Amino acid sequence: MIPQSDAPEGRIIVLEDDPDIRELIAAQLSREPQRVDSVGSVAELRTCLQGDPVDLLILDLNLPDGDGLDICRDLRAAGHQGAIMMVTAREGPIDRVLGLELGADDYLTKPFEPRELLARVRNLLRRSRVFDGAAGQGGQRPRVARFARLGPWRLDLHQRRLVTHDDRLVMLSSAEYRLLSRFIEAPNQVLSREELLPERSATVAFDRSIDIQISRLRHKLASEPGGDELILTVRSEGYVLPGPIAFE
Amino acid sequence: MTSAEPVKPGFLKRLRDYPRSLAGRLTLVLSLGMAASAILALQASDGLGHYTFRRDQVDAALDSAEDIAHRFERQPLRTANLLSRGVILGAHDANPAWRMTAPDPTFSRRLSERLGRPAQVMPLLNGECFAQLTRYPHAAGMNTDPLPDCWFIRVDAGDRKLDYVVDLWPDRSWNRHRVGPPYIELIIVAGALLGLLAASLATTPLRRMERAARAFSLVGEFEPIPVKGPSEVRAALETFNLAQERVREGLRERTQILASVTHDLQTPLTRLRLRLEQVEDEALRDRLVADLQVTQQMVRDGLDLARSSEIREPWSVLDIDSILSSTAEDAAEFGHRVVFSQGCDVEARVKPHALARALGNLVDNALKYGGSAELSCHREGADLVIRVADRGPGLPEDELALAFQPFRRLSSSKGNGTGIGLAIAQAQVGTFGAAIGLRNRDGGGLIAEIRIPATSIRGEGEVVRD
């Protein structure tokens, strides 16, 4: 266990059996405000979990004394609330879905870009805070939710696509999925263009790309009866998705 | 185009090919064979019937002849009287003008043995036997044909000779043609029907096996065929299942080896990638990162190709336009010139990840060689064709087919990449029964087409359950 920061704002545990990678991941995360603990085995993890609450667990799947998938399932069964990110060399849509199904919040395949790891860690921690806020308001999104219900659609949160009631699929582009995710995280809230597209907040007020994306998304949603008017326009303010959103 | 056009034989062609099919041959052999054997059997039974009739006819005639001879012995006058009056059924007077010119030696000998005295028998045809009837007119519907033949008999009674005639049984089969038109036609029709039945019995398991073999070779689905049917078919199916199992084992082993090799490579590559962050010289770091990315891509491609043949992805009905527009938008987000130009409003039963992966590879290729890509789809006959077109240099005609072979570098190939993008794409779409064809575009450029067979298509509004 290597305490990383003097005044930590939360805690991240890295469980990885390869000492080099473990150290390197920890080094990557060292600039984050959270305290980072690194462990190399399931036994060490159990000890480590006894301490302060954990915001994020970065989990390798192949471990000398256990399997990451089992750990993930056990932790969730025991009511573990922190986010879990799987980092593994097992790639393939099925592995990914399985990992997410067992309660992981994200799934990253090795070898990965260090920047991507950072981006995902930040995103997960931000989302955790959103969940905590939601939990305060009545806890809308269960952590292992696979689908979010949107009118006649179910949004597959693991595979980023829309599913009809009879299991037909409509694919979403990354941008469309990001938009929908934002709406689902904040139902009933009017989201401005800047909030919907933070990475382009400098120019978003002038370009129409967000409107084009919304219009495409609406077009896709409207292809099922009852799927139109899921996203409403609020004049001169932005867009809103009327809630509540059911998860399953 | 390198992918074969789906064969849809017309009725005439099917008819022409029918004799070459197993069903056709069985039908032909059975209908002709049954007709021939039925005719032979009928002929034989006819012949036998005729023979026994002749034998019994002769026996009966000998009985009659013997009977009349005995009557003459006991009551000569009464018998002669009855005969001359013609009231004895089956026997009457002989015409005095007849001469015993050609006695039949066999019949004569048999009658002599029965009577114990010399006798002669001369068979006569009915025209002579009933010569008196031919002198007079007869009713329009009648002629002498149905009248019986007869024997002219002369018995040597010591002092005198007894002449009389006994009638033979009439041959009632004279107007029956057993092997004639209705029989032959009926037999041929029955044979053909039987042939069809036998053919369907024989070919149903074959069809099942063919379908399974096709699914196995095209889609790569390793579903064992249920072993049922006649014993030979069962044996063949078992062998097929065994072969399929072997192939699957081989593939699994190959994938296993590749997976473990690449998995073991991932760890040092990850380490290397993370360590590169610590390189101070930015230019050097960027170059090293680029090299590492190429290496990673190669490892990933190799693994993809090995895995593509045994994708366990479930089937889903997918809105094709949505995957094309998403692919285009995702690429555009990275600053690539990819447009989705024409939709087709079709849903198809596919494996979505495999299709997305294949599309991604085709778009990458188009961008690499043409700098831009245009996605569209349309119906060609009943098939669905997804088109990825670029305005690059295209390919020489003789390299179009070679492009799908893994690790083959084409003349126009650029330095990086493993050259298996197309092979992976082909394998991926193969998992759901589609195929990729390449051709040059009018006005320059290359067109890659994913052809999804009609059986996977669900038109808008129309429900196809399978």
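Just so it is clear, none of the values below were taken in a lab; they were calculated from the coordinates. What you see is a predicted model; the values in this text were computed from it and never measured. Methodologically, a virtual Cβ is constructed for each residue, glycine included, from the backbone with ideal geometry; neighbour enumeration extends over all protein chains shown.
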Rounded if a/c is under 1.5, else prolate if a/b beats b/c, else oblate: with a ≥ b ≥ c from the C-alpha gyration tensor eigenvalues square-rooted, which is chain B? prolate
Gyration tensor (alpha-carbon) shape descriptor, segment B:220-294, a/c threshold 1.5: prolate
Listed peptides B:234-245, B:350-361, B:59-70 by packing density, highest first (mean Cβ within 10 Å): B:350-361, B:59-70, B:234-245
If pairing requires two Cys Cβ atoms under 4.7 Å apart, which cysteines of the protein assembly as shown are left without a partner? A:Cys48, A:Cys72
Compute the separation of the alpha-carbon centres of segment B:361-406 and segment A:16-56 and state it in Å as a whole number. 47 Å
Hey, got the average number of other protein chain Cβ atoms within 10 angstrom for residues in B:331-341? 1
With -39,500 (n - 2.57) per DSSP H segment of 4 or more residues and division by the full residue count of chain B, the 222 nm estimate, nearest 500 deg cm²/dmol, is -17500 deg cm²/dmol
Apply the a/c threshold of 1.5 to the C-alpha gyration tensor of segment A:11-136 and tell me whether it is rounded, prolate or oblate. rounded
If you average the C-alpha positions of segment A:157-190 and of segment B:48-85 separately, how far apart do those two centres end up, in angstrom? 111 Å
Order of B:89-96, B:432-439 by packing, highest average Cβ count within 10 Å first? B:432-439, B:89-96
How big is Rg to Rh over segment B:313-459, alpha-carbon atoms, Rh as the Kirkwood inverse-mean-distance radius? 0.94
With 10 angstrom as the radius, rank B:Glu380, B:Glu399 by how many other C-beta atoms surround their C-beta, starting from the fewest. B:Glu380, B:Glu399
Order of B:Val429, A:Val97 from fewest to most other C-beta atoms within 10 Å? A:Val97, B:Val429
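Provide B:Ser31, B:Ser326 in ascending order of the number of other Cβ atoms located within 10 Å of each residue's Cβ, fewest first.
B:Ser31, B:Ser326
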Hey, what angle do you get for helix B:282-308 against the long axis of chain B, alpha-carbon based, 0 to 90 degrees rounded to 10? 10 degrees
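Peptide A:103-114: average number of partner chain Cβ atoms within 10 Å per residue? Please report the intermediate quantities before stating the final value.
Details: counts 0, 0, 0, 0, 0, 0, 3, 9, 16, 6, 5, 6.
Taking the mean over all residues of the peptide, I get 4.
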Mind checking the mean number of beta-carbon atoms from other chains within 10 Å of the Cβ atoms in B:314-320? 4
